[in-house]
Amino acid sequence: MRLWKRCSARAEPAARALAAKAAIARRLARGAGVAAAAAVALWAAGCTSDDPARAAAERFVDHYYVEIDLPKAREQAVGLAREKVERSMKLLEGMEPAEEAVRPRVHYRFLEQQDSSRDRRGFLYELTITFDGGEQAQRRALVTVREDGGVWHAANFQEFE
């Protein structure tokens, strides 16, 4: 059983997400007992955020770190974050992307929120990176988001150990 979950903040209606989680819990309850179903329900709820600022940060983390989809990450970014993503894209220009089987797998978990102001917030995540040979590395990523016209975007991000 994997101890890490790739949290996702995809834009799907809350009702559909809850229904899917309930269906998983019901299937587990039939086959593995009520305790397992309760554990899965708590696990699934742990990465769902109703906070639009945190959801924006997690969309960015999903695209940039987990999926390694820089064009999608750029769509979620403004300002300095967008410049950093574009620099990464330039560095990788002309290179073939690694096959999925050999790409590092990245899982993350939310650590804390850092409130800066009403329209700017920071979210700290722990990243666990697993390489093809099984080696792992841990990093932290601080994603700062800002609201502009009612929409939250990643405004900056930085990684550290």
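The values are calculated or read from the model by the stated rules, or taken from the named source; none is laboratory data. Because the structure is predicted, anything quoted here is derived from the model rather than measured. Neighbour counts run over all protein chains shown; Cβ positions are idealised from the backbone, glycine included. SASA here: full protein model, heavy atoms, side chains in, ligands and nucleic acids out. Shrake-Rupley method; radii C 1.70, N 1.55, O 1.52, S 1.80 Å.
Observations on the structure shown:
- Per residue accessible area in Å² of segment 76-153, where ligands, DNA and RNA are left out and the probe is 1.4 Å: 65 Å²
- A P(r) calculated from all alpha carbon pairs of segment 65-160, with 10 Å bins opening at zero, reads 15, 41, 34, 10, 1 percent.
- The order of the peptides 50-61, 111-122, 79-90 by mean Cβ neighbours within 10 Å, most packed first, is 50-61, 79-90, 111-122.
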